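Reviewing the structure listed below.
The values are calculated or read from the model by the stated rules, or taken from the named source; none is laboratory data. Predicted model, so just to flag it, every value in this text is computed and none were measured. Cβ placement follows ideal geometry from the backbone for every residue including glycine, while neighbour counts extend to all protein chains displayed. Ligands, DNA and RNA are stripped out before the accessible areas are found, and what is left, the full protein with its side chains, is counted by its heavy atoms. Shrake-Rupley method; radii C 1.70, N 1.55, O 1.52, S 1.80 Å.
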Amino acid sequence: MMKCGGRSARKSLLVSCPTCFLILLTAGAIGIPTHDFTSWRHLFRSNAVNLLNHRSGKCRVKTHMGHTKGILCCKVKQSVLATGSLDKTIMLWDLKTGKYQQTLAGHLHGVWSLAFLDQNLLVSASYDHTVKVWNLCTAMCERTLMGHEGPVFSVAVRNNIVVTGSEDKTVRIWDSRSCCCTATLREHTGRVFCVAITEDGVQALSSSGDKTIRIWDVKRGCCVGVLKASSTFPVMSISYSKGWLASCSGNIVSLWDVKKGQRCHVFADHKKRVECVQLHVETGGDGKWQGTIASSGQDMTVKYWDIKEGCCRQTFWGHTGAVTGIHLDGTRIISVSRDKTIRHWNFLS
């Protein structure tokens with residue numbers, strides 16, 4: 001291993017590894033701290049390993065079990081993983097240790113979607129027609145939001161806004177402070193399978209069995225745009241990130257420019273219906289963006305797509321049932337399945 005010390009050695013290291021230098025730039029112009037080169041070198045190496053492992057598919061895989069029936073959804077907040085299941089419960093896990101923490105019980109049917117209000121408050125949507133707000137400090141349900149006339153398939157949260165989508169073909173907007181419904185949006189003609197909210201909370205998005213994606217003005221409670229996603233299949237899942245939207249219909253994954261209302265890429269490599277998509281977009285210090293999509297479905301795989309190259313970089317196998325939920329960030333993919341397992345694919349290995 002090359003020994004590094006002083007400005008000349010640091011300069012040499014940058015010149016000898018331009019790929020790693022690019023990683024630092026795209027991570028936000030980190031710069032070179034002169035007071036603690038050891039920490040800088042560790043970050044330098046971690047970023048390089050992360051990028052190379054993403055490209056090669058090399059990762060460390062951990063499997064967690066605890067639910068007694070198939071798992072339908074997952075959500076991550078810092079080091080806490082929440083999973084919802086057909087067994088009517090929510091389980092919390094510590095991602096640092098991989099250990100089970102606690103179980104939240106109270107729903108009468110399966111838990112289909114989860115969203116964190118903050119580190120201590122979790123929102124769940126269930127087939128029992130309700131949305132519940134849980135206090136993770138007490139493991140108790142603080143409030144139950146009622147109003148949907150069918151199973152609630154999806155929930156999304158941004159600031160004090162909660163958005164839900166249901167089999168009753170409606171999207172509801174709630175104020176998390178009062179737990180009151182502020183708007184009921186009724187323009188879909190099929191089940192609403194998934195909802196999302198923009199980072200600024202100005203717009204909500206929803207996907208439906210009517211084969212469309214609708215864009216809503218949250219404050220005015222009205223539809224401001226429609227994306228015709230498919231002529232054949234329902235839109236099962238959507239994921240929004242920084243002006244871009246990923247969606248899935250049948251075995252096809254699509255990427256949309258929301259502002260232009262245009263489909264930019266189509267990814268077709270799954271063999272059966274795609275159940276879930278997650279989009280992760282990052283902007284570097286030079287203003288350029290890069291993004292990835294993770295998708296999963298009934299073919300029991302998790303696929304990892306490079307947006308700019310428009311190709312599937314890796315396919316991850318291991319589940320023995322449909323993969324119904326995924327989490328994606330810069331260092332890992334977490335997947336949950338009807339096979340009752342959670343798989344943690346960590347690229348920082």
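Numbers for the structure displayed
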| read-out | value |
| --- | --- |
| Residues satisfying the stated conditions in region 63-111, i.e. under 23 Å from PHE316 (Cα atoms), of a type in the set (A, V, I, L, M) and not in a strand (DSSP E or B) | LEU95 |
| Any hit, region 263-277, residues being touching a His at 6+ places or on another chain (Cβ under 8 Å), part of a strand (DSSP E or B) and either open to solvent by 60 Å² or more (accessible area, probe 1.4 Å) or closer than 23 Å to ALA82 by Cβ (or both) | no |
| Identity of the residue in region 274-305, of a type in the set (Val, Ile, Thr) and over 14 Å from the mean Cα position of the chain (by Cα), that ends up modelled with the lowest pLDDT | THR283 |
| Flag for TYR304 being touching a helix residue (DSSP H, G or I) at 6+ places or on another chain (Cβ under 9 Å) and aromatic (Phe, Trp, Tyr) | yes |
| Of residues in region 278-313 being charged (D, E, K, R) and over 19 Å from PHE233 (Cβ atoms), the one most open to solvent (accessible area, probe 1.4 Å) | LYS288 |
| Pair list, Cβ under 8 Å, 6 or more apart: region 96-116 residue more than 22 Å from GLY150 (Cα to Cα), other residue open to solvent by 80 Å² or more (accessible area, probe 1.4 Å) and not hydrophobic (A, V, I, L, M, F, W, C) | GLY98/LYS62 |
| For VAL111: the one exception among (1) in contact with a Gly (Cβ under 7 Å, 6 or more places away or on another chain); (2) open to solvent by 10 Å² or more (accessible area, probe 1.4 Å); (3) of a type in the set (A, V, I, L, M) | (2) |
| Residue, nearest to MET236 (Cα to Cα), within region 131-163, restricted to residues that are β-branched (Val, Ile, Thr) and open to solvent by 20 Å² or more (accessible area, probe 1.4 Å) | VAL157 |
| Within region 165-180, tally of residues that are more than 12 Å from VAL218 (Cα to Cα) and out of contact with any Pro (no Cβ under 7 Å at 6 or more places or on another chain) | 9 |
| Selection count where residues are over 18 Å from CYS248 (Cα atoms) and in contact (Cβ under 8 Å) with a residue 60 or more places away in the chain, scope region 317-331 | 5 |
| Subset of region 244-262 (residues that are under 16 Å from THR198 (Cβ atoms) and part of a loop (DSSP other than H, G, I, E, B)) | VAL258, LYS259, LYS260, GLY261 |
| Which listed residue is within 23 Å of the chain's Cα centre (by Cα) and either surrounded by fewer than 16 Cβ atoms within 10 Å (Cβ to Cβ) or acidic (Asp, Glu) (or both), from ASP175, ASP128, ASP168 | ASP175 |
